[in-house]
Amino acid sequence: MSIAPIGILGGTFDPIHFGHLRFAQEALEQCNLDAVHFIPCGSPPHRNAPHAGAPYRLNMVRLALQGNPAFVLDEREIRRAGPCYTVDTLTALRVEMGMQRPLCLLMGGDAFLLLHTWHEWKKLFELAHIVVMQRAGRPLGNAINEADAALRDAYRARLAPAPRALHDAPAGAIVVVNMPALEISATDIRRRCAEKKDIHYLLPDVVADYIQSHNLYTPC
Ligand code: ATP
């Protein structure tokens, strides 16, 4: 009997929004995952420091996930000092969950096209599968032709025709899932806050209210 895979969605979640949540839900259903673990990053190596402090981002993710037992908050990266490398997080998860449980790293197409810049990126395939979300109107197949040669080779060698592959092995496959584009980004939400515009309907009400009551993302 195969063990149901677990999805892992990392991000700065600055703030978490419906794009993240819908992606997790699509992956859960389309790939028949057991759960999706949200792992907010403390100090991301690839980008500028987050705008909201770690406790606020953690609270926002906690509020957004409440009431959904399939969505799990994992605080390990945000509690760690120094840069958060995904390879280290997956290694730690492997120690806890063993080598048999399939782990699926969830990422957007844009993030996937930069995977070759990640620390020890090739090792990621020994630790997990990668599920890439392809937004409607932005086919990954076209973009991958222009991508880094080593990444393109890995993609072509590992691409599985169906999500079933995620259940057949603990790691190593790439699966593409389709999702209707939700043109929501944390950058846009922060901009709206700075302009004192309303942010409801872009993210859960409880998170929008939290942002407003703590004056997050508004100029002092
Ligand atoms: P920012 O605007 O600050 O760059 P973001 O909204 O892109 O942030 P991240 O925390 O950087 O959010 O994203 C975490 C993961 O969620 C990434 O894999 C990213 O591709 C994915 N993601 C972000 N926005 C969406 C969206 N609208 N739909 C689906 N996936 C998304």
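The values are calculated or read from the model by the stated rules, or taken from the named source; none is laboratory data. Every value quoted in this text rests on a predicted model; they were computed, and no experiment measured them. Cβ atoms come from the backbone with ideal geometry, glycine included; neighbour counts cover every protein chain shown. Areas reflect the complete protein model, heavy atoms only, side chains present, ligands, DNA and RNA absent. Shrake-Rupley method; radii C 1.70, N 1.55, O 1.52, S 1.80 Å.
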Per the rule of 0.36 nm per residue minus the C-alpha distance, extending Asn142 to Ala49 adds in nm 30.3 nm
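Pop out the carbon and sulfur fraction of the accessible area of the chain as a percent, whole number, probe 1.4 Å.
Working: 5620 of 10570 Å².
Ligands and nucleic acids excluded, carbon and sulfur reach 53 percent.
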Where only protein heavy atoms count, and the probe is 1.4 Å, what is the accessible area per residue for the chain in Å²?
48
Residue among Phe71, His51, His20 farthest towards the positive dipole end of the chain, charges placed on Cβ:
His51
Whole-Hz Karplus ³J(HN,Hα) for segment 57-66, in order, using 6.51 cos²θ - 1.76 cosθ + 1.60 and θ = phi - 60°, x for Gly and Pro?
5, 5, 4, 5, 5, 4, 5, 5, 8, 4
For His37, distant residues with modelled amide H under 5 Å away:
Gly7, Ile8, Leu9, Val72
Which residue fluctuates most in the GNM of the chain (Cα springs below 10 Å): Asn145, Asn178, Asn59?
Asn145
Pair Asn215, Val72: separation of 7 Å Cα→Cβ label points (nm)
3.8
Convert each backbone phi in segment 102-111 into a coupling constant with the Karplus relation 6.51 cos²θ - 1.76 cosθ + 1.60 (shift: θ = phi - 60°), then list the ³J(HN,Hα) values in order as whole Hz, x for Gly and Pro.
x, 10, 10, 7, 8, 8, x, x, 4, 5
List every residue whose amide H lies under 5 Å from the amide H of Ile130, counting only residues 5 or more places away in sequence or on a different chain, with H placed 1.01 Å from N in the peptide plane.
Leu105, Gly172, Ala173, Ile174, Val175
Out of all Cα-Cα pairs in segment 6-182, roughly what percent, to the nearest whole number, are more than 25 Å apart?
29
Note on segment 70-220: contact order normalised by length, alpha-carbon pairs under 8 Å, 6 or more apart, percent, works out to 22
Quick one: length gained pulling Phe18 to Glu183 fully straight, 0.36 nm per residue minus the C-alpha distance?
58.4 nm
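For the chain, give the magnitude of the charge dipole about the Cα centre (Cβ charges: +1 Lys/Arg, -1 Asp/Glu; no others), in debye to the nearest 20. Numbers along the way, then the final one.
Numbers: 22 positive and 22 negative charges, 42 e Å.
With only Lys, Arg, Asp and Glu charged at Cβ, the dipole is about 200 debye.
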Loop sites only, by DSSP: take the GluC sites (Glu not before Pro) in the chain that have at most 16 other C-beta atoms within 10 Å and name the longest stretch containing none of them.
1-74
Between segment 169-193 and segment 30-70, what is the C-alpha centre distance in whole Å?
13
